[in-house]
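Just so it is clear, none of the values below were taken in a lab; they were calculated from the coordinates. Quick caveat, the model's predicted, so the values are computed rather than measured. With ideal geometry, Cβ positions are generated from the backbone for all residues, glycine too; neighbour counts draw on all protein chains shown.
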Amino acid sequence: MKILRILIPFSLLLLACGASQLGVAKKDVAAGNYESAITALQAEISKNPANGEAMLLLAECYEKTERADSAMAMYQRVLATDASNSTATASLSRLYIARGSAAREAGSLRLALENYENAEELMPQAFDVFYERGIAYQKFNLLEKANAEFEQAAQISPNDPRVKTQLGELASQTEQADKYFQEGFALFQKKRWNQAVKSLEQAVAIDASHKDAKYALHMARGHVLYKRGSVSDLWDAITEFGYAGALRSESAEPVYFMAQAYEKKDRDDYKLSVETYEKVLELEPNSDFAQKAKKRIKYLLDRKEKMEKFWGKKKN
C-alpha cells in the first residue's frame with residue numbers, strides 16, 4: 001500500500017509536467033531560451049501530435065535558431081492539420097520567398113522561380129512574390145518578364161516606392177537595349193555581318209528577352225559563319241539559322257539560308273538541301289525566298305540527274 005501511495009502522486013506529477021510543456025515553452029520563448037523551448041515543444045508534440053499551437057510555436061523557434069528547413073516542415077505540418085491557418089500560410093510563403101531570393105543571388109533562376117511559385121500558391125496576391133520574382137528576372141536580363149512582375153506588384157501595392165524605382169530602371173535598360181538593336185539591325189540590312197553581331201550582342205546582353213535582337217543576332221552569326229565556309233563553320237551556321245528559325249517558326253528566311261548552308265557544305269547531298277528548300281515553299285509560298293528556293297531546287301535536281309547519267313548511278 002505504501003508503494004501505491006508513492007507511485008500514484010508521482011504519476012500525477014508526470015502528467016502535470018507533460019501538460020505544462022507548452023506553458024514552459026512559452027516562458028522560454030519569452031526569455032529568449034529557444035533551445036529549451038524546442039525541447040519542451042518537441043516533447044509536447046510527441047505526446048499530442050495534433051497540437052497546432054505547439055507546432056506553430058516550434059516552427060517559430062526553428063526560425064529563430066536559423067533552421068529554415070525544419071521551420072518549413074513544421075509549418076507544412078500545421079497546414080496539413082489546419083489548411084486555413086493564416087499564420088502558417090504567411091510564414092511558409094515568406095520562407096519560400098527567402099529561399100527563392102537566396103537561389104537568385106546564387107545564380108539559379110530555375111530554383112528561384114520554383115520557390116516563388118510555391119510562395120504564390122500559398123498567397124496568390126502577395127506583393128513580395130511578384131516584386132522578388134521581378135528582381136530575379138531583371139538580374140538575368142529578362143526585362144519583359146521583369147516588367148510584367150513589377151506591374152503586377154504595383155497593382156497590389158500602388159504606393160510602394162520600390163516598384164517605381166525598378167520600373168524606372170527597366171525603362172532605361174529597355175531603351176538602351178533597343179538603341180543597340182537599331183544600330184545592329186541597320187548594319188544587318190547593309191550585310192555588314194560582323195559589325196551587326198557586335199551591336200546585337202550588346203542589345204541581347206542588356207535584354208535577353210528582346211526577341212527581334214536575338215533573331216537578328218542568330219541570323220548575323222549564321223551569315224558570318226557561312227561566309228567563312230569551312231565544313232565546321234557551315235555546321236555552326238546551320239545551328240545559328242536553326243536558332244533563328246525557332247524564334248520565328250513561320251518565317252522562311254532562316255530556313256532558306258539553312259538550305260544554302262547545306263548546299264555549300266556538300267554539293268553532292270541533294271536530298272537534304274532540296275528538302276530544306278521545299279520547307280521554304282511550305283512556309284511562305286509567295287515570298288521572294290520561295291522564288292529563290294524554286295530555282296535552287298530545279299538547279300539541284302537537274303544537276304543530280306546529269307551526275308547520275310555521267311556516273312551511271314543514283315545520287316542521294
Check your understanding: Once fully extended, how much extra length lies between Tyr299 and Glu151, figured as 0.36 nm per residue of separation less the alpha-carbon to alpha-carbon distance?
Key -> 47.8 nm
Review point. With labels modelled as points extended 7 Å from the Cα through the Cβ direction, what inter-label distance (nm, one decimal) is found for Gln125 paired with Ser287?
Key: 4.6
Point to revise | Of Ala106, Leu167, Ala208, farthest towards positive along the dipole that unit charges on Lys, Arg, Asp, Glu beta carbons give the chain | key: Ala208
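Please work out the Kirkwood hydrodynamic radius for the stretch 177-311, using every pair of different C-alpha atoms, and report it in angstroms with one decimal place. Please report the intermediate quantities before stating the final value.
On the way: mean 1/r = 0.0648 Å⁻¹.
For the stretch 177-311, the Kirkwood estimate is 15.4 Å.
Can you give the FRET efficiency for Glu114 and Asp266, using 1/(1 + (r/R0)^6), R0 = 51 Å, r = Cβ-Cβ distance, to the nearest 0.05? Before the final figure, lay out each step's value.
Numbers: r = 45 Å, r/R0 = 0.87.
Working from the Cβ atoms, E equals 0.70.
Which semi-axes, in whole Å and largest first, does the equivalent ellipsoid of the stretch 16-107 have when worked out from the alpha carbon gyration tensor as the square roots of 5 times its eigenvalues? Please list the in-between numbers first.
Details: eigenvalues 128, 47, 17 Å².
One finds semi-axes of 25, 15, 9 Å for the stretch 16-107.
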Review point. Relative contact order (percent) for the stretch 177-311, with alpha-carbon contacts under 8 angstrom and 6 or more residues of separation?
Key: 15
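Around Tyr131, what is the net charge, scoring Lys/Arg as +1 and Asp/Glu as -1 over all other residues with Cβ under 10 Å from its Cβ?
Counting the neighbours of Tyr131, the net charge comes to -2.
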Review point. To the nearest 20 debye, what is the magnitude of the charge dipole of the stretch 121-236 about its Cα centre, counting +1 on the Cβ of each Lys and Arg and -1 on the Cβ of each Asp and Glu?
Key: 740
Revision key, fill the gap. In debye to the nearest 20, the charge dipole size for the stretch 177-311, taken about the Cα centre with +1 at each Lys and Arg Cβ and -1 at each Asp and Glu Cβ, equals 540
Point to revise | Semi-axis lengths (Å, descending) of the ellipsoid that matches the C-alpha gyration tensor of the stretch 237-316 | key: 25, 14, 8
Revision key, fill the gap. PRE zone check, label point 7 Å out along Cα-to-Cβ of Lys64, amide N under 20 Å, scope the stretch 28-49, hits 28-46
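Hey, got the dipole for the chain? About the Cα centre, +1 on K and R Cβ, -1 on D and E Cβ, debye to the nearest 20? Walk me through the numbers before you get to the answer.
On the way: 45 positive and 44 negative charges, 314 e Å.
That gives a dipole near 1500 debye.
Tell me, what is the FRET efficiency for Lys27 and Ala102 to the nearest 0.05, using R0 = 25 angstrom and their Cβ-Cβ distance as r?
Numbers: r = 33 Å, r/R0 = 1.32.
Working from the Cβ atoms, E equals 0.15.
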**Study point:** Two-site FRET efficiency, Glu278 against Thr239, from Cβ-Cβ distance with R₀ of 22 Å, rounded to 0.05
**Key:** 0.60
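Divide, for the chain, the radius of gyration over alpha carbons by 2.2 N^0.38 Å, where N is the residue count. Walk me through the numbers before you get to the answer.
Working: Rg = 32.9 Å, N = 316, 2.2 N^0.38 = 19.6 Å.
Dividing the Cα radius of gyration by 2.2 N^0.38 Å gives 1.68.
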Practice item. Quick one: go through the stretch 48-87 and flag any residue whose amide nitrogen is under 20 Å from the point 7 Å out along the Cα-to-Cβ line of Glu35. Key: 58-71
Revision key, fill the gap. Phi-derived 3J(HN,Hα) across the stretch 147-152 with the Karplus relation (6.51, -1.76, 1.60, θ = phi - 60°), rounded Hz, x for Gly and Pro, is 4, 4, 5, 5, 4, 5
**Study point:** Cα-based reach from Lys191 at 17 Å (exclusive), listing aspartates and glutamates while leaving out same-chain residues under 8 positions away
**Key:** Glu183, Glu201, Asp212, Glu240, Glu253
